[in-house]
Structure formats: structure tokens, C-alpha cells
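Take a look at the structure below.
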Amino acid sequence: MRRAFAALALAFALAGCGTSNPLRWIGLMDPLPNQPTPLKEIQATVTPRAVWTASVGKAGGFRFRPDAEGGRIYVASADGVVTVLDESGKVVSRHETKKKLSGGVRFADGKVLAGTSKGEALAIDASGHIVWSTPLAGEIIAPPAVSRGTAVVRTSDGRIYALALEDGKRKWVYQRQSPSLLLRTEAGALALGNDVVAGYPNGKLIALDIEDGKLIWEVTVSNPRGATELERIADVAGLPLVDGTRVCAAAFQGKVACFEIQTRNVLWSRDVSSSRSLVADAKNIYVVDDSSNVFALDKVAGANLWKQDKLLHRRLASPVVFEGKVVVGDGLGFLHVLSPEDGALIGRLATDGSAILALVPTAAGLVLQTERGSVVMVRF
């Protein structure tokens, strides 16, 4: 079982870089992975362009996510360097932490928050000094979340820690029993006001009180199905979506479901397997499934409005909505723009040929980070 767990953990580390079927990716299942669908010529009505590109260091197999705040872009790399860029792409500062960084960053209260593969949560000030370092019992592969003077840090084994933003002191830790096999997720948790919202194995979605870590509510997105432990993995691995009075999430080998927050009643659910985060606009919820199909679901009733299957097996990262368009990055370094009306591919941009790890919409443009260490500002 330990070997199976290690292999599965490796599989989902690769899944974090966009693999379309992580179990097949390392040979746990036959046949071998499907080849990415070749790109065909499209009728472009949008022209995404790279305004600037900066090199910040390679990702080293981790899914790094930039953060943007106050006209600055904050980026980390596996070699321990935190880079601060302005909106023109100019390097404002580089800070060598001398740590093995392993996840995305968050900027809050004048500090860059980051985590290491050895389980250290770090806060780095504007001069590059580590102002506090808190050891946690687990690898940190997700960016921290911040609310009400608290940094919420999730480790790869599923534990959630609340740390005082000022000095890093531990306020509480939440953990629950996990199945023997689980996804290795880089999504982390949401911190919104007084609530911490996070997905868990066995299709669970929970909310915690940010002050004391007590469980406020729990719902089931999807129940495990199948005869084997592998078939019964139904983890909520991507970030949930809080949209007004509803919360929505997706489960691997399960469903996408939305709930009314106040009553926790199920509003709707659809059979779509995804380990990615959800995103929404005024009308639709967009989800990338585990074969890299992109779906638009009606926000009110969950009806399947369209499905884009021309990016099959291209290892898509989580989608974003930018300037009214749906945007996804793939595992081969291409950015794709989709029409929210019918899912048609209406724009494309090639980057450095390596996996696009994350997309972050900002007021100045769409920021992306790649596996080879490029940070690119994209505008339409």
C-alpha cells in the first residue's frame, strides 16, 4: 500500500502540471497516455499577444502560481528565488530565500507568503528578509490564503493550518481522516471573510471558522464509486467557487455540484470528473475535465451549454475568465481563448513550449507562469 500511495502521489504531482489522466501517466493503468490532440487552424477573432516576458526560474515539477497586488507581480521558483516585477515586466527585486520553494505565493500585509517542500511556511518582507518561518508537518504545494490577519496554509496531506499573519504563530490546525489513496492537490483553500472553504477526499466540501478552525458545515459533492480503491477516489482537488449565495465544486471521478450556502441544499449536480478549479462569469460556470474537455454549465440550473473537445489530452490547467473570454493554458505551452457563447476557439498564443502552470487575471493583463520559468503578460 505504501508503494501504491507513493506512486499515486507522484502521479498527481504530474497531474498538477496538467496531465490529462494522471493514473495512466505513470503506467498504473493501460494503455499508455493518449497523445495530445494536434492543434488545427482556427478562425481567430481575438489576438492574444505577449506584451513582455521575464525569466524567474524553473518550477522543478511544482505548480507555481504568481500573485498580483498594487501594480506588482510576485513570483517564486523551485530554486528558492522570489522575484518582484512591475506591470511593465521590469524586475523590481529578487530575493534568494535559500529554501526549496514548492508552491505559489500570496502577497499580504507587505509580505510575500510562500512554502517549502520541507514544510516551512515563510513570510518575506520587501527587503528580502524572512521575517518569520513556521515549521508544519507536511510539504506545502499550495499558495496560502489570507483573511482577517490570518494566513491559511494547506499541506499536501490535507491538513489546514491557521497562522498569525504578523508573526507566523500557529492559531489552530484542522485535520481529518483520509482514505489510503488521495490526490495531491495544489489548490489549497479559500479564505473569505470569517470562512475557510476547502475540498477534501471522498467528495467532501467543508467550511471552517477562521478564528478557531471549528467545522461550520460540510456537504458531499460526489460519493465514491467503484470496486477498487483507485476507482473510488473522489477527491475535491481544485479550489471551490463561492458565487454569491452559492458554493460550487468539482470532484475527480465524480460530479460538479452547486449548493445554497445558507441551507447547504444541493441546487444541481452534473456528471463531470475534474481535479481543476472552477471559474464563473455572470451566466456560466466553466470547468476543465480530466481529459481536457472544457464545459460551460448554466449557473442557475447546471445545464450543459457547450463542450469544447478540440483540446483533448493537452493537459489543460484551470480556466480563467479574462476580458469576457474563457482562457486556458495547456501542457505544451499554448494559451487558448474560447468564446463564452459557444466554446469556439477564437484565439491562440504560443509561449515557451513548456506547461502553463497558472493564469492570473490582473488589471494590466493576464499573467501566466510556465514550467521553464517564463512569466508572461498577455493582452488581447
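The values are calculated or read from the model by the stated rules, or taken from the named source; none is laboratory data. Here the structure is a predicted model, which means the values were calculated and not measured. Virtual Cβ from ideal backbone geometry, glycine too; neighbours counted across all protein chains shown.
Those residues that are in a strand (DSSP E or B), without any contact (Cβ under 8 Å) to a residue 40 or more places away in the chain and under 20 Å from the mean Cα position of the chain (by Cα), I need them from segment 330-367; list them, please. Spell out the reasoning first.
Taking segment 330-367 as the starting set, the residues that turn out to be in a strand (DSSP E or B) are 334-338, 345-350, 356-361, 366-367.
Those left that are additionally without any contact (Cβ under 8 Å) to a residue 40 or more places away in the chain: 336, 350.
Across segment 330-367, the qualifying residue is only HIS336.
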Q. Can you tell me how many residues in segment 59-104 are under 19 Å from the mean Cα position of the chain (by Cα) and either at positive phi or free of Cβ contacts under 8 Å to residues at least 12 places away in the same chain (or both)?
A. 2
Q) With respect to the numbered conditions (1) within 21 Å of GLU218 (Cβ to Cβ); (2) more than 21 Å from the chain's Cα centre (by Cα), which one is the sole condition not fulfilled by ASP298? A) (1)
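Can you find a residue that is part of a loop (DSSP other than H, G, I, E, B) and either in contact (Cβ under 8 Å) with a residue 40 or more places away in the chain or in contact with a strand residue (DSSP E or B) (Cβ under 6 Å, 6 or more places away or on another chain) (or both) anywhere in segment 172-179?
Taking segment 172-179 as the starting set, the residues that turn out to be part of a loop (DSSP other than H, G, I, E, B) are 175-179.
Keeping just the survivors that are either in contact (Cβ under 8 Å) with a residue 40 or more places away in the chain or in contact with a strand residue (DSSP E or B) (Cβ under 6 Å, 6 or more places away or on another chain) (or both) gives 179.
Looking through segment 172-179, at least one residue is part of a loop (DSSP other than H, G, I, E, B) and either in contact (Cβ under 8 Å) with a residue 40 or more places away in the chain or in contact with a strand residue (DSSP E or B) (Cβ under 6 Å, 6 or more places away or on another chain) (or both).
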(Q) Six or more apart or on different chains, Cβ atoms under 6 Å: show the pairs whose first residue is in segment 230-251 and within 12 Å of SER274 (Cβ to Cβ) and whose second is among the basic types (Lys, Arg) and modelled with pLDDT of 95 or more. (A) GLY238/ARG276
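So for segment 183-190 (the condition being at pLDDT 95 or above and not acidic (Asp, Glu)), does at least one residue qualify? Spell out how you get there, then give the answer.
Taking segment 183-190 as the starting set, the residues that turn out to be at pLDDT 95 or above are 189-190.
Those still in the list that are not acidic (Asp, Glu) too: 189-190.
For segment 183-190, residues at pLDDT 95 or above and not acidic (Asp, Glu): present.
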Q | Within segment 124-151, tally of residues that are over 26 Å from GLY238 (Cβ atoms), hydrophobic (A, V, I, L, M, F, W, C) and either at pLDDT 95 or above or part of a strand (DSSP E or B) (or both) | A | 4
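So, in segment 292-310, of the ones that are among the charged types (D, E, K, R) and outside any loop (DSSP other than H, G, I, E, B), which residue ends up surrounded by the most Cβ atoms within 10 Å (Cβ to Cβ)? Walk me through how you get there before you give the answer.
We begin by selecting, within segment 292-310, every residue among the charged types (D, E, K, R); these are 298-299, 307, 309-310.
From what is left, the residues that are outside any loop (DSSP other than H, G, I, E, B) are 298, 307.
Values: ASP298: 14, LYS307: 12.
For segment 292-310, the residue satisfying everything is ASP298.
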